[in-house]
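Here's the structure, in C-alpha cells; my notes come after.
Bear in mind these aren't lab numbers, they're just calculated from the coordinates by the rules spelled out. As the structure is a prediction and not an experimental result, all values here were calculated from the model. Don't worry about glycine lacking a Cβ; one is built from the backbone with ideal geometry, like all the others, and counts go over all protein chains shown.
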Amino acid sequence: MFNIKLYIVKHLKKIKIIHSIPGRIRLKLPNIGNVPEEFRKYDDFIIKAVKILDGVNEISFNYVIGTALITYDTHKVYEKKILGWIEDIVDISVKNLKFIEKYAENNLDFVVETLEQELNDKVKKYK
C-alpha cells in the first residue's frame with residue numbers, strides 16, 4: 001500500500017511553478033493524475049502539512065490537469081518560502097518512509113502525530 005506513497009513523494013520533488021501572482025501559486029505535479037482514487041483520501045494529510053507554515057491559506061489539487069493551487073497571505077509568507085517548506089515536507093516524508101510503512105496500517109494516528117511534531121519543529125526555521 002505504501003509503495004504508491006513513495007512514488008508520490010519522489011514525484012513531488014519534481015514540482016514546477018506554472019503560474020504565480022502575489023498570494024497565489026499554481027504548481028505542476030508530474031504524474032499526480034496517475035494516483036489511484038483510493039489514495040486521494042490522504043490529500044488531507046498533505047494539505048494539513050503544508051498549512052503548518054503560517055500564512056498558507058488554502059490548497060487544492062486538480063488530478064485531471066495535474067496541478068495544485070496554493071493561496072497564501074503575502075504579508076506572512078512568500079513563494080520561495082512555500083516551495084522550501086514543501087521540499088522540507090517531502091524530505092521528512094522520505095526520511096520517515098520506513099516508519100510510515102511499519103506503523104501506518106495499524107496506527108495511523110501515531111504516525112500522523114509523530115510526523116506533525118517533526119514538521120512543527122522544522123517550521124520554526126521559517127519564523
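Answer yes or no: is there a residue in segment 46-65 that is in contact (Cβ under 8 Å) with a residue 40 or more places away in the chain and over 28 Å from His19 (Cα atoms).
no
For segment 38-63, which residues satisfy the criterion of being in contact with a strand residue (DSSP E or B) (Cβ under 7 Å, 6 or more places away or on another chain), under 19 Å from Ala104 (Cβ atoms) and not β-branched (Val, Ile, Thr)?
Selection gives Asp43 alone.
Is there any pair with a first residue in segment 16-34 that is polar (S, T, N, Q) and a second that is in a strand (DSSP E or B) and surrounded by 14 or more Cβ atoms within 10 Å (Cβ to Cβ) whose Cβ atoms are under 9 Å apart and which are 6 or more apart or on different chains, and what are they?
Pairs found: Ser20/Arg26.
Just give me the residues in segment 40-57 being surrounded by 15 or more Cβ atoms within 10 Å (Cβ to Cβ) and either on the phi > 0 side of the Ramachandran plot or of a type in the set (Asp, Glu) (or both), in sequence order.
Hits for segment 40-57 are Asp43, Gly55.
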